[in-house]
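The structure under discussion appears below in the form of structure tokens.
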Amino acid sequence: MPLKASNSSKADRLKAFNAQNFLDSAGLARKVTEFDKKETIFSQGDPCGNVFYIQKGGVRLSVVNESGKEAVVAVLGPGDFLGEGCLAGQPLRMGTATAIAPTTALVIEKKEMTRVLHAEHEFSDRFISFMLARNIRIEEDLVDQLFNSSEKRLARTLLLLARYGKEDKLQRVLPKVSQEMLAEMVGTTRSRVNFFMNKFRKLGFIKYNGGLQIDNSLLSVVLHD
């Protein structure tokens, strides 16, 4: 009987961990932090010592080169991680993370993140899936830049910002994103972005009604040859 109780207790402990609960709440070596719109979460060159998990809001990742030119390399939203470079031994932040809307993030210390990745398979599976999806996204971005027109690149960027294709995560009303930021992400000029945005609006692909609303029909621009 005592042996069965011991086995039962062990099983309960194994079942106790829940990855989403871990990411939704503060705890040992992790805290929930709120950031105002346009607030800097971390800056390029800062010491790299923790990982962030976005609970709500949105974050822009940008990099500035030696001549001072800034490029937006990603816009992340709920369910995304950032700052994971510290896990690979990155001593300094390679870019700047800025909140593009009121944002809530779980800040996880590097040691705690490493511990949970090693100890909890559910969590490590989820994190690996995120990293694989990000690598695929980077490859797709490269192909997009090499082979697609600026109109298709803009349409794809808007759909990604709306989290198209993610189950239960279609975010039809986007946080305010300037045309300058879109131009940086697409790799074109603001005037071209303005031209295509007006075109998309006239065709009913997007609407301005309390924010920028993205219709799924915008996918036709990406798929059209």
Cα extents of the chain per principal axis, largest first, Å, are 74, 40, 33
P(r) of the stretch 11-70 over all Cα-Cα pairs, 5 Å bins starting at 0, rounded to whole percent, reads 3, 12, 19, 20, 17, 11, 7, 6, 3, 1, 1, 0
Give me the one-decimal nm value for the distance between modelled label points at residue 139 and residue 118, 7 Å along each residue's Cα-to-Cβ direction. 3.0
Could you give me the radius of gyration and the Dmax of the stretch 79-160, taking only the C-alpha atoms into account and expressing both in angstrom? 15.7, 46
Compute the Rg/Rh shape ratio of the stretch 35-109: radius of gyration over Kirkwood radius, all on alpha-carbon atoms. 0.95
What range in the chain is the longest one free of trypsin sites (Lys or Arg not before Pro) that are in a loop by DSSP and have at most 16 other Cβ atoms within 10 angstrom? 70-165
Given the pairs 37/202; 56/176; 69/176, which span a C-alpha to C-alpha distance of over 19 angstrom in this model? 37/202; 69/176
If each residue of separation counts as 0.36 nm, what is the full-extension length gain between residue 69 and residue 20 once their alpha-carbon separation is subtracted? 13.8 nm
Exposure rank, largest accessible area first [138, 41; 1.4 Å]: 138, 41
Given 0.36 nm per residue, what is the gain on full extension from residue 201 to residue 131 after removing their alpha carbon distance, in nm? 21.8 nm
Obtain the radius of gyration and the Kirkwood radius of the stretch 25-155 from its C-alpha atoms and give Rg over Rh. 0.98
D (µm²/s, integer) via Stokes-Einstein for the stretch 103-205, Kirkwood Rh across alpha-carbon pairs, 20 °C, 1.002 mPa s: value 132
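The values are calculated or read from the model by the stated rules, or taken from the named source; none is laboratory data. Quick caveat, the model's predicted, so the values are computed rather than measured. Neighbour counts are summed over all protein chains in view; Cβ atoms, including those assigned to glycine, are modelled from backbone coordinates with ideal geometry. Protein only, heavy atoms only, side chains kept; ligands, DNA and RNA dropped before computing areas. Shrake-Rupley method; radii C 1.70, N 1.55, O 1.52, S 1.80 Å.
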